[in-house]
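A short worksheet on the structure shown next.
The values are calculated or read from the model by the stated rules, or taken from the named source; none is laboratory data. Since we're looking at a predicted model, the values are computed, not measured.
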Amino acid sequence: MKRRELLKRIREAAESKGMALDFVRRGGKHDIYRVGSFQFPIGRHSDIPELTARKTIKEVEGL
């Protein structure tokens, strides 16, 4: 999944819960984001592995 599409889907999932997707900081090869109190890394490369993307979306939807 493209990084851009992943961030869009996470943002939509967060907004459906009444929360926002916040950028926290840049790491070595990942950016750190937060939805509520849940922090997670997103790789800075253009293609994110499908399983990783689905897991992250599922975790955000479960908040």
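Can you tell me which residues in segment 1-24 are modelled with pLDDT of 95 or more and of a type in the set (Lys, Arg)?
Selection gives LYS2, ARG3, ARG4, LYS8, ARG9, ARG11.
Looking at the structure I just gave you, is ARG26 of a type outside the set (Asp, Glu) and under 11 Å from the mean Cα position of the chain (by Cα)? Give the derivation first.
Details: of a type outside the set (Asp, Glu): yes; under 11 Å from the mean Cα position of the chain (by Cα): no.
So ARG26 does not fit the description; no.
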